[in-house]
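The values are calculated or read from the model by the stated rules, or taken from the named source; none is laboratory data. All values derive from a computational prediction rather than experimental measurement. All Cβ positions, even for glycine, are placed from backbone atoms using ideal geometry, and neighbour counts span all protein chains on display. When the accessible area is computed, the model is the full protein with side chains, heavy atoms only, and any ligands, DNA or RNA have been set aside. Shrake-Rupley method; radii C 1.70, N 1.55, O 1.52, S 1.80 Å.
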Amino acid sequence: MSSQPIFQNTPDVLNLSNAITWGKNVVFGPHCRSVEIGFGSFIGKDVYIDVEHLTIGDYFTVHHGSVLHGEKIEIGHNTWVGHYSILDGLGGLLRLGNNIGVGAHSQLWTHMKFGDVLDGCQWNTKGKLLIGDDAWIVGHGIVSPIEMGSRAMLLAGSVATS
């Protein structure tokens, strides 16, 4: 199953452990400047990563069809992300602590924007999304820019906005 990822741009900093398992069609987009991925990680097939500054600890898992994009994403050790999930750092820092579970089809957002700003759009916010250690976001969870404490749980299909 292990193939090699595709880099659309050569990052300035590239630290990839030699024990990463790569699925097919893993693509690092053109905005990647600094990429660090720890030992024993698994990046599933058809995963798209386009993060300016990405730091991932040891034993990270992200399953197929997921997207990681934005300015800065920091992920701790032993974190698991289910298939077809979105980790969005376009609004700023997205930080996941250690031992985090993010269920399939979940969306973690650091920004919310809709409409034309010049036309008076009020749906244009950015913020940090910080999740403490040992937290679990069960499948289909949607999280906006908040601080979620350690050992917190968001049940299946839930939305967290504050």
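No other residue among LEU16, LEU54 is out of contact with any Ser or Thr (no Cβ under 6 Å at 6 or more places or on another chain), under 21 Å from GLY82 (Cβ atoms), aliphatic (A, V, I, L, M) and open to solvent by less than 70 Å² (accessible area, probe 1.4 Å) apart from LEU54. Kindly provide the set of residues from the stretch 125-148 that are under 20 Å from GLY89 (Cβ atoms), open to solvent by less than 40 Å² (accessible area, probe 1.4 Å) and in a loop (DSSP other than H, G, I, E, B), ordered by number. Across the stretch 125-148, the qualifying residues are GLY127, GLY132, ALA135, GLY141, SER144, PRO145, ILE146.
Residue-wise test of (1) out of contact with any strand residue (DSSP E or B) (no Cβ under 6 Å at 6 or more places or on another chain); (2) open to solvent by 10 Å² or more (accessible area, probe 1.4 Å); (3) assigned to a strand (DSSP E or B).
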site	(1), (2), (3)
GLU71	no, yes, yes
GLU74	no, yes, yes
HIS77	yes, yes, no
TYR84	yes, yes, no
LEU87	no, no, yes
ARG95	no, yes, yes
ASN98	yes, yes, no
LYS113	no, yes, yes
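Kindly indicate whether SER162 is farther than 21 Å from GLU71 by Cβ and either modelled with pLDDT under 90 or part of a strand (DSSP E or B) (or both). So SER162 passes the test. You will find that of GLY23, GLY38, GLY29, the residue that is in contact (Cβ under 8 Å) with a residue 24 or more places away in the chain and over 21 Å from TYR59 (Cβ atoms) is GLY29 and no other.
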